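Worksheet: one structure, shown below.
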Amino acid sequence: MLQLTKRPNWVILMVFMLTLLPVMGLLAQQPVHLAIEDVYQLARNNYPLIKERDLISKTKSYTISNAARGYLPALNINGQATYQSDVTSIPFNVPGIKIPTYSKDQYKIYGEADQVIYDGGVIKNQKRTADANEVVQQQNLEVELYVLYDRLDQLFLGALLVNEQIKLNELLKKDIQNGIDKAKALVANGTAYRSSVDELQAQLLITDQSGVELKATKKAYLDMLGIFINKALDENTVLEQPATPAMTDEVTRPELSYYDYQKRVFDLQEQLLNTQVRPKFNLFIQGGYARPGLNLLSNDFEWYYIGGLRLSWNLGGLYTLKNQKNILEINKTMLDIQKETFLFNTSITQKQQSADVAKYIELVKKDDDIIALRESVKTASGAQLENGVLSAHDYITEVNAADEARQNRILHQVQLLQAEFNYQNTIGNIKTK
């Protein structure tokens, strides 16, 4: 009978790890794919300013909580000791009744509790104002964060442009290497000078230098972008080509909501002015220890209490009520002017950016035609070089011209994207994940 030998646990673990290592290696080699919408969201979450959002919410909660406590009884403890020049006295004697003589030094310590019954709507308005102020501050934060998108566009599209330029640099090196191979064949056949090969190899080295500069520039862009999104990015990071944004004329910038919310705060402040000139009713109870107390026929220390309903009505606010309302109306009018000015300036920027978009669309169309012609000339130049009827210098000229045409198209394509995203930033049509 066969007997199975139990393997040690460490052997099983080692086999498992050896099996897992290739899988882990494949996972580690997977490049990071990054869309511009991901960049927007990650940058918002990582930007230090976003921390203010929670602080604004907490401030609103504390403000509302403090306002709500206005409905709780207000407790006060007071005391006084006085000496007065004269006291009440009766200038005659009543038979059978002993009338006390009051002391000129008098003492009083007491506690009082006030309970709001009707405050004219002050507390309710304070709560609503706290809510409105929180919305205004959150929207103002959104306005400040909105500036971030333009900086992210420049970094993302800049890295995208350099990445495409690196690809074109590789194509250029292949064209030059192709020329080198043909020139070497001519030298071997004795139909060309060695200097032709040297000139092409020098051009190849220059192209290698350009590649080094482009890779360094790409790394700088990715490093800066990585700081914004708090994510390590390297040369293997894949930047996804953004889709062409849908062009629309509707302006939805966060500034517009900010103006509307601020106007709502002014409306609530006007309502608060009305509540402050209304009568207010409180229940109160007071208890204490004093000499004299409430008994007018006693000059002894004694306990006492008193309670009732209190009316308070401050009519002094009526003197300035109209002027304060006029000030609020002026503030609202100024907001309307600011909003109108913002929309006016935005419309001008829209016109300019729309013209930029149209310009780059036309340039890209022309680039396609130029590239087709340059590629045709380059191909013919390669054949002429191979047949020994074209110099290496002239071949390099045609190769560079074809490369410049391709570079211009890539540049114009990215500039078109930049113009389209600038337009979207201007009108507020930013999409995040």
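The values are calculated or read from the model by the stated rules, or taken from the named source; none is laboratory data. All figures in this text were calculated on a predicted structure; none of them were measured in a lab. We place every Cβ from the backbone using ideal geometry, glycine too, and count neighbours over all the protein chains shown. We work out accessible area using only protein heavy atoms, side chains counted, and drop any ligands, DNA or RNA first. Shrake-Rupley method; radii C 1.70, N 1.55, O 1.52, S 1.80 Å.
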Identify the single condition in (1) closer than 18 Å to Ala392 by Cβ; (2) surrounded by 19 or more Cβ atoms within 10 Å (Cβ to Cβ) that Leu233 does not satisfy, given that it satisfies every other one.
-> (1)
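Conditions (1) touching a helix residue (DSSP H, G or I) at 6+ places or on another chain (Cβ under 9 Å); (2) touching a residue at least 60 places away in the same chain (Cβ under 8 Å); (3) over 19 Å from Gln177 (Cβ atoms), marked per residue:
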residue: Leu343; (1), (2), (3): yes, yes, yes
residue: Thr349; (1), (2), (3): yes, yes, yes
residue: Val364; (1), (2), (3): yes, no, yes
residue: Asp368; (1), (2), (3): yes, no, yes
residue: Gly382; (1), (2), (3): yes, yes, no
residue: Leu416; (1), (2), (3): yes, no, yes
residue: Thr432; (1), (2), (3): yes, yes, yes
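Can you tell which of Ile180, Ile176, Ile206 is at pLDDT 90 or above, on the phi < 0 side of the Ramachandran plot and either assigned to a helix (DSSP H, G or I) or surrounded by fewer than 19 Cβ atoms within 10 Å (Cβ to Cβ) (or both)?
Step by step, each of Ile180, Ile176, Ile206 is checked, and only Ile206 is at pLDDT 90 or above, on the phi < 0 side of the Ramachandran plot and either assigned to a helix (DSSP H, G or I) or surrounded by fewer than 19 Cβ atoms within 10 Å (Cβ to Cβ) (or both).
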Is at least one residue of region 240-256 part of a helix (DSSP H, G or I) and open to solvent by 70 Å² or more (accessible area, probe 1.4 Å)?
-> no
Residue count for region 191-215, restricted to those that are within 29 Å of Leu233 (Cβ to Cβ) and either touching a residue at least 12 places away in the same chain (Cβ under 8 Å) or in contact with a His (Cβ under 9 Å, 6 or more places away or on another chain) (or both) | 6
Right, Asp198: closer than 29 Å to Arg409 by Cα and surrounded by fewer than 16 Cβ atoms within 10 Å (Cβ to Cβ) or not?
-> no
If a residue has to be under 18 Å from Tyr289 (Cβ atoms) and either open to solvent by 100 Å² or more (accessible area, probe 1.4 Å) or part of a strand (DSSP E or B) (or both) to count, how many in region 71-121 make the cut?
-> 17
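Applying the selection to region 42-70, what residues are of a type in the set (S, T, N, Q), touching a helix residue (DSSP H, G or I) at 6+ places or on another chain (Cβ under 9 Å) and open to solvent by less than 60 Å² (accessible area, probe 1.4 Å)?
Asn46, Ser57, listed by residue number.
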Selection within region 299-329 - in a helix (DSSP H, G or I) and surrounded by fewer than 11 Cβ atoms within 10 Å (Cβ to Cβ) = Leu318, Tyr319, Lys322, Asn323, Asn326
Kindly check whether there is at least one residue in region 260-273 that is open to solvent by 90 Å² or more (accessible area, probe 1.4 Å), more than 30 Å from Phe342 (Cα to Cα) and not aromatic (Phe, Trp, Tyr).
-> no
Listed by first then second residue, the pairs whose first member lies in region 167-189 and is free of Cβ contacts under 8 Å to residues at least 12 places away in the same chain, whose partner is open to solvent by 20 Å² or more (accessible area, probe 1.4 Å) and of a type in the set (Gly, Ala, Ser), with beta carbons under 9 Å and at least 6 positions apart or on separate chains, are Val187/Ser196; Asn189/Gly388
Tally, over region 370-400, of residues that are more than 18 Å from Val187 (Cβ to Cβ), surrounded by fewer than 17 Cβ atoms within 10 Å (Cβ to Cβ) and among the acidic types (Asp, Glu) = 1
